[in-house]
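Novice: What follows is a structure written as C-alpha cells; I'll ask about it next.
The values are calculated or read from the model by the stated rules, or taken from the named source; none is laboratory data. Quick caveat, the model's predicted, so the values are computed rather than measured. Neighbour counts are summed over all protein chains in view; Cβ atoms, including those assigned to glycine, are modelled from backbone coordinates with ideal geometry. Just the protein is used for accessible areas: all its heavy atoms, side chains included, with ligands, DNA and RNA removed. Shrake-Rupley method; radii C 1.70, N 1.55, O 1.52, S 1.80 Å.
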Amino acid sequence: MRYFILLLFGFVQFFYSQGLGNISTNESLTYRIHYGFLNAGEATLSTNETHYKGMPHLHVIGKGRSKGAVNAFFKVRDHYESYINLSTGLPSFYIRNVHEGSYKQHLQTTFHHDSTTLTLKNVLENSSPKQIKTVKGVQDMLSAFYYLRSMGEQDLKVGSIKNINVWIDDELFPFQIRVVGTETISTKFGKIKCLKIIPLVKSGRVFKEKEGVTMWVSNDKNHIPIAISAKLLVGSLRADLSNYSNVKYPLQFVK
C-alpha cells in the first residue's frame, strides 16, 4: 500500500512553469490496489479550488487505506495534501501524514521557489523547522501527479524522455520518465486507449529493478492514470482505476 502512494504520487512531473488549466477543480479518482492476489486497499484523489496566501490554488487531497486481509496484519491510513499554484503548477505547501503498521510520520513542507529552498517541519517530533536547499521547479508527490496531466499532446508523445525532481518525505528524488508506446487497456468501464509510461526508479530500496514500474495513462486531454503495475523487492503490486467523477473531459472508451 505504501508503495502505491509512492508510485502514484511520486514520479509523474514532466515540465516546469506549467499551469493546471485542464484539471477539474472538483474531480475525484479512486483506485483499487492489489498486492499479488490480495485486494490490499484503496487510494483516492480529490480536488477543490481554494486560496493559499491570497493566491488561487488547487487543493489536492490524497488518501490511502488498507482493506481486507491486509488490513488485519498491516493497517494503513495515509493522508496527503498539496496546495498547487494554479498559475505556475508548482506546489506551495505539502502535507504527508501516514500511519502504516507501527510506522508513523507527519511532515509539512513549505516551498519557496524564488529562493529554491523549502521549509520542512516534523510535526510528530515537534522540532524546529529545517531550511533546506533544493532545485528549480521541484515538485511534491501530489503536485507531480497533476503536472503530468496538464501536458499537451506534443509534450506527451511516444519517444519523449524527461528528467524530473520530486521531493519525497525528506529527500529529493531524481527520476527519468519515458513514454514508450500506446496500448488499449480493459477497465470496468470499458476499453480505453492509453499511453504507456515507464519511469527509471531507484532499484534496491523498494523496487526490484530500475524499470520495474509501468503506468498506463489515458491518451486524451485528461491524462488520467488508468493502471499502474510494479515489481517490488517482495511480490508485485497493481492498481486500477475503480471510480471517477467530474473529470474535465469525457473519457473516450473504445467501442
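Novice: Helix-only estimate, please: 222 nm mean residue ellipticity of the chain, summing -39500 (n - 2.57) across DSSP H runs of length 4 or more and dividing by its residues, to the nearest 500. Walk me through the numbers before you get to the answer.
Specialist: On the way: 3 runs with 24 residues, N = 255.
After summing the helix terms and dividing by the residues of the chain, the value is -2500 deg cm²/dmol.
Novice: Report the paramagnetic label zone for D169: residues of the range 215-255 whose backbone N is under 18 Å from a point 7 Å from Cα along the Cα-to-Cβ axis.
Specialist: It comes to 232-234, nothing else.
Novice: Could I ask something else about it? Using Cα pairs under 8 angstrom and six or more residues apart, how large is the relative contact order of the chain, in percent? Spell out each step's value before the answer.
Specialist: On the way: 672 pairs, mean separation 50.2, N = 255.
Relative contact order here is 20 percent.
Novice: Would you mind checking which residues have amide H under 5 Å from Q252's amide H? H placed 1.01 Å from N; only 5 or more apart, or other chain.
Specialist: Sorted by chain and number, the residues that satisfy this come to none at all.
Novice: Would you compute, for the Cα atoms of the chain, the largest minus smallest coordinate along each principal axis and list the three values in descending order, in whole Å?
Specialist: On the principal axes, the chain reaches 54, 44, 32 Å in Cα extent.
Novice: Now for a separate question. Calculate one ³J(HN,Hα) per residue across the range 216-221 by plugging θ = phi - 60° into the Karplus curve 6.51 cos²θ - 1.76 cosθ + 1.60, and present them in order as whole Hz with x for glycine and proline.
Specialist: 10, 10, 4, 8, 8, 6
Novice: In Å², and per residue, what accessible area does the range 106-255 have when probed at 1.4 Å with the other protein chains present?
Specialist: Numbers: 7310 Å² over 150 residues.
Computed with neighbouring chains in place, this is 49 Å² per residue.
Novice: Related question: At a 1.4 Å probe, what is the % contribution of carbon and sulfur to the accessible area of the range 27-245? List each step's numbers first, then the result.
Specialist: Working: 4990 of 10060 Å².
It is 50 percent, rounded to a whole number.
Novice: So for the pair K75, I161, with labels modelled 7 Å out along Cα→Cβ, what separation do we get in nm?
Specialist: 4.7 nm
Novice: Something else about it: Report, by chain and number, residues whose modeled amide H sits under 5 Å from the one on T182, excluding near sequence neighbours (fewer than 5 apart, same chain).
Specialist: Amide H to amide H, under 5 Å and 5 or more residues apart or across chains, T182 pairs with K196.
Novice: With θ set to phi - 60°, apply the Karplus curve 6.51 cos²θ - 1.76 cosθ + 1.60 along the range 70-86 and write out the HN-Hα couplings as whole Hz, x wherever there is a Gly or Pro.
Specialist: 4, 5, 5, 10, 8, 6, 10, 9, 10, 9, 10, 9, 9, 9, 10, 4, 5
Novice: Here's another thing I want to ask about it. Please give the contour-minus-distance gain from T44 to N26: 0.36 nm per residue of separation, less the Cα-Cα distance, rounded to one decimal in nm. Write out the running numbers ahead of the final one.
Specialist: Values: separation 18, 0.36 × 18 = 6.48 nm, distance 1.30 nm.
Extra length available between T44 and N26 comes to 5.2 nm.
Novice: ³J(HN,Hα) across the range 244-254 via Karplus (A = 6.51, B = -1.76, C = 1.60, θ = phi - 60°), whole Hz, x for Gly/Pro?
Specialist: Coupling constants for the range 244-254: 7, 7, 6, 6, 5, 10, x, 5, 9, 8, 7 Hz.
Novice: Taking amide hydrogens as modeled 1.01 Å from N in the peptide plane, which residues meet the under 5 Å criterion relative to L232, leaving out close sequence neighbours?
Specialist: K208, L237
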